[in-house]
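Undergrad: What follows is a single structure, and I will ask about it in a moment.
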Amino acid sequence: QVQLQESGPGLVKPSETLSLTCAVSGDSISGVYWWTWVRQAPGKGLEWIGQVYRDGSTNYNPSLNSRATISLDKSKNHFSLQLSSVTAADTAIYYCTTEKYGDGQSYFDYWGQGTLVTVSS
Amino acid sequence: QSVLTQPPSVSAAPGQKVTISCSGSNSNIGNNYVSWYQQLPVTTPKLLIYENNQRPSGIPDRFSGSKSGTSATLDITGLQTGDEADYYCGTWDSSLSAVVFGGGTKLTVL
């Protein structure tokens, strides 16, 4: 059973960089999963941000215009999200998830509880 | 505007069956597997269906998924008040090289 826990500032100023970390327990970050961030703006639907694999391979949502960076820290068994140049439109609940990806499949079976990040001055 | 199209809401009486549709294109549903998620009020999304029609352990067989061409459906039978939630479909989009979701469907059990 994989457990995920997001952490990071709940308030970020416009134009600054949002930084979140997801602590993983119950599995190694060097295992078979892709490690993914998904967000949900208040009252809105789900939006995939991007994914990272154990070898450092990444994919990102093109709608974010290269503002997102996802990285691994194998020594701490966690992964991180940085989102630069944030605006109020980036206010959302941010979830870290495990993703089974490849051969035409992509699905998210374990989710963190989510952390609300508000962008405001 | 979501890449995948879902009805904003559906409703049915307890014990009845409801179908939630998810429409896409050849670059996403047409050539990739579909998954479905349930999000109860103020909770984390939960995986209901993966690979079009597979249920994770612990998901009752009242929930079933199917896919035909560029559309997918989620069927829920024997509706219970506890099924009231938002439901999302998702898949990989090969043109965007990104996961795409539907806008979500709010299920009301009358």
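Undergrad: From the list A:49, A:70, exactly one residue is assigned to a strand (DSSP E or B), in contact with a helix residue (DSSP H, G or I) (Cβ under 9 Å, 6 or more places away or on another chain), among the aliphatic types (A, V, I, L, M) and open to solvent by less than 50 Å² (accessible area, probe 1.4 Å). Which is it?
TA: Among A:49, A:70, only A:49 is assigned to a strand (DSSP E or B), in contact with a helix residue (DSSP H, G or I) (Cβ under 9 Å, 6 or more places away or on another chain), among the aliphatic types (A, V, I, L, M) and open to solvent by less than 50 Å² (accessible area, probe 1.4 Å).
Undergrad: Would you confirm, using the coordinates I've provided, whether residue B:104 is within 14 Å of chain A (Cβ to nearest Cβ), in contact with an Asp or Glu (Cβ under 7 Å, 6 or more places away or on another chain) and not β-branched (Val, Ile, Thr)?
TA: Considered against the rule, which asks whether it is within 14 Å of chain A (Cβ to nearest Cβ), in contact with an Asp or Glu (Cβ under 7 Å, 6 or more places away or on another chain) and not β-branched (Val, Ile, Thr), residue B:104 comes out as yes.
Undergrad: Would you say residue A:57 is within 20 Å of residue B:92 (Cα to Cα), within 14 Å of chain B (Cβ to nearest Cβ) and open to solvent by 30 Å² or more (accessible area, probe 1.4 Å)?
TA: Answer is yes for this residue.
Undergrad: Now, a different point. Which members of the range A:82-106 meet the condition of being away from chain B (no Cβ under 14 Å) and crowded, with 24+ Cβ neighbours inside 10 Å?
TA: Within the range A:82-106, A:83 is the sole residue that qualifies.
Undergrad: Looking only at the range B:45-79, which residues are in contact (Cβ under 8 Å) with a residue 60 or more places away in the chain and either touching a strand residue (DSSP E or B) at 6+ places or on another chain (Cβ under 7 Å) or at positive phi (or both)?
TA: B:78, B:79
Undergrad: So which residues in the range B:14-40 are assigned to a loop (DSSP other than H, G, I, E, B) and in contact with a strand residue (DSSP E or B) (Cβ under 7 Å, 6 or more places away or on another chain)?
TA: B:14, B:17, B:24, B:27, B:28, B:32, B:33, B:40
Undergrad: Select from the range B:83-107 the residues that are open to solvent by 50 Å² or more (accessible area, probe 1.4 Å), on the phi < 0 side of the Ramachandran plot and not charged (D, E, K, R) and list them in ascending order.
TA: B:94, B:95, B:96
Undergrad: Being among the charged types (D, E, K, R) and loosely packed, with under 13 Cβ neighbours inside 10 Å is the requirement here; does residue A:76 meet it?
TA: The answer is yes for residue A:76.
Undergrad: What pairs come up if the first residue lies in the range B:10-37 and is surrounded by fewer than 24 Cβ atoms within 10 Å (Cβ to Cβ), the second is acidic (Asp, Glu) and assigned to a loop (DSSP other than H, G, I, E, B), and their beta carbons are under 8 Å apart, counting only those six or more places apart or on different chains?
TA: B:33/B:51
Undergrad: Mind checking which residues of the range B:1-56 are farther than 14 Å from residue B:107 by Cα, facing another protein chain (nearest Cβ under 10 Å) and of a type in the set (Ser, Thr, Tyr)?
TA: B:2, B:33, B:35, B:43, B:44, B:50
Undergrad: Pick from B:41, B:45: which is out of contact with any Leu (no Cβ under 9 Å at 6 or more places or on another chain) and either open to solvent by less than 20 Å² (accessible area, probe 1.4 Å) or over 15 Å from residue B:91 (Cβ atoms) (or both)?
TA: B:41
Undergrad: Could you list all residues from the range A:107-121 that are more than 8 Å from chain B (Cβ to nearest Cβ), open to solvent by 60 Å² or more (accessible area, probe 1.4 Å) and either assigned to a loop (DSSP other than H, G, I, E, B) or free of Cβ contacts under 8 Å to residues at least 12 places away in the same chain (or both)?
TA: If the condition is that a residue be more than 8 Å from chain B (Cβ to nearest Cβ), open to solvent by 60 Å² or more (accessible area, probe 1.4 Å) and either assigned to a loop (DSSP other than H, G, I, E, B) or free of Cβ contacts under 8 Å to residues at least 12 places away in the same chain (or both), then A:121 is the only one that fits.
Undergrad: Let me ask something additional. Pull up the range A:6-42, narrow it to residues that are among the hydroxyl-bearing types (Ser, Thr, Tyr) and within 28 Å of residue B:102 (Cβ to Cβ), then point me to the one that is surrounded by the fewest Cβ atoms within 10 Å (Cβ to Cβ).
TA: Restricting to residues being among the hydroxyl-bearing types (Ser, Thr, Tyr) and within 28 Å of residue B:102 (Cβ to Cβ), the top hit is A:33.
The values are calculated or read from the model by the stated rules, or taken from the named source; none is laboratory data. Please read all numbers here as calculations on a predicted model, not as lab measurements. We place every Cβ from the backbone using ideal geometry, glycine too, and count neighbours over all the protein chains shown. To get the accessible areas, we keep the full protein, side chains included, count just its heavy atoms, and leave off ligands, DNA and RNA. Shrake-Rupley method; radii C 1.70, N 1.55, O 1.52, S 1.80 Å.
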